[in-house]
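What follows is a single structure, written as structure tokens, with notes after it.
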Amino acid sequence: MDRSAWDERYRTDDPWGSAPNAFVQEVTEPLAPGRALDVAAGDGRHTLWLARGGWEVDAVDFSAVAMARGEHLAAEQGVAARTHWHVADVVAEPLPPGPFDLVVVAYLQLPPAPLAAALTAACARVAAGGTAVLVGHDVSNLRDGVGGPQDATVLWAADDVAAAAREAGLAVSAATVRERAVPGADRPARDAVVVARRPA
């Protein structure tokens with residue numbers, strides 16, 4: 001989907017809901033709040049959740065509609081002062097300057113070359129001692145899971161995602177395929193989950 005298609009989707013739909021992804025929550029809850037970057041943030045479910053927990057968050061997405069919606073929600077939730085909304089294509093345009101104590105990339109489903117470039121650029125923003133949590137629909141989801149894109153070329157492989165994090169100088173502590181419950185589905189979704197940190 002291109003930028004205009006995503007703009008239209010955010011005008012008419014709430015695609016992700018307000019709850020954070022379970023794996024993002026699992027990794028980030030134990031961390032002390034600091035400065036975070038939410039890459040391909042959509043309308044900001046992770047940005048808003050982190051901001052409510054005390055983080056200062058920069059959200060980036062190429063959908064101006066999504067960013068405006070996230071900014072509106074931040075004001076409603078009383079976290080506008082801790083959130084910053086940037087309309088930018090995370091593949092073709094620079095990310096906000098770091099460093100960041102936390103970088104989140106969730107469900108940026110792209111072909112391998114642009115995905116690797118975007119992930120490496122995002123991970124390069126991680127501060128010394130900081131963490132990156134990278135979550136996406138795994139390639140095995142097409143056969144063994146549910147939901148997500150049905151195009152294998154945009155599905156993730158944990159080892160490839162981990163390689164992009166290492167390219168940015170991070171130490172990978174986890175690169176696994178995890179099952180995620182999907183309400184109403186008869187089987188779980190399968191996500192690639194990579195956690196990486198920059199040595200202090």
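Residue pairs whose Cβ atoms lie under 6 Å apart, sitting 6 or more positions apart in sequence or on different chains, and linking a residue in the stretch 49-72 that is touching a residue at least 60 places away in the same chain (Cβ under 8 Å) to a partner that is of a type in the set (S, T, Y), are S63/Y10; A66/Y10.
Screening A117 against (1) surrounded by 16 or more Cβ atoms within 10 Å (Cβ to Cβ); (2) out of contact with any Cys (no Cβ under 9 Å at 6 or more places or on another chain); (3) not aromatic (F, W, Y); (4) not in a helix (DSSP H, G or I) leaves a single unmet condition, (4).
Any residue at all in the stretch 56-67 that's over 29 Å from R178 (Cα atoms) and not in a helix (DSSP H, G or I)? Checking the stretch 56-67: not a single residue is over 29 Å from R178 (Cα atoms) and not in a helix (DSSP H, G or I).
The criterion of being surrounded by 17 or more Cβ atoms within 10 Å (Cβ to Cβ) and among the hydrophobic types (A, V, I, L, M, F, W, C) does not hold for A152.
Scanning the stretch 169-200 for residues that are in a loop (DSSP other than H, G, I, E, B), at pLDDT 95 or above and aliphatic (A, V, I, L, M) yields a single hit, L170. If you go through the stretch 131-143 and pick out every residue that is in contact with a Gly (Cβ under 8 Å, 6 or more places away or on another chain) and either more than 28 Å from P188 (Cα to Cα) or assigned to a strand (DSSP E or B) (or both), you end up with 2. Between A165, A127, the distinction of being under 19 Å from the mean Cα position of the chain (by Cα), under 24 Å from P33 (Cβ atoms), at pLDDT 95 or above and assigned to a helix (DSSP H, G or I) belongs to A165 only. Report, by residue number, each residue of the stretch 128-153 that is at positive phi and touching a strand residue (DSSP E or B) at 6+ places or on another chain (Cβ under 6 Å). Those that are at positive phi and touching a strand residue (DSSP E or B) at 6+ places or on another chain (Cβ under 6 Å): G147, G148. Take the residues in the stretch 1-40 that are assigned to a helix (DSSP H, G or I) and of a type in the set (S, T, Y); name whichever of them is modelled with the lowest pLDDT. Result: Y10.
For beta carbons closer than 7 Å, sequence separation of 6+ or different chains, a first residue in the stretch 109-128 that is touching a residue at least 12 places away in the same chain (Cβ under 8 Å) and a second that is outside any helix (DSSP H, G or I) and of a type in the set (F, W, Y), the qualifying pairs are R125/F100; V126/F100; A127/F100. For the stretch 44-69, a residue qualifies if it is in contact with a Phe, Trp or Tyr (Cβ under 8 Å, 6 or more places away or on another chain), surrounded by fewer than 24 Cβ atoms within 10 Å (Cβ to Cβ) and not hydrophobic (A, V, I, L, M, F, W, C), and the qualifying residues are R45, D58, R69. Acidic (D, E), more than 15 Å from L102 (Cβ to Cβ) and outside any helix (DSSP H, G or I): is that true of D43 in this structure? It is true that D43 is acidic (D, E), more than 15 Å from L102 (Cβ to Cβ) and outside any helix (DSSP H, G or I).
The values are calculated or read from the model by the stated rules, or taken from the named source; none is laboratory data. Since the structure is predicted, the reported quantities are computational estimates derived from the model, not experimental observations. No Cβ is skipped: glycine too gets one built from the backbone with ideal geometry, and neighbour counts run over all protein chains shown.
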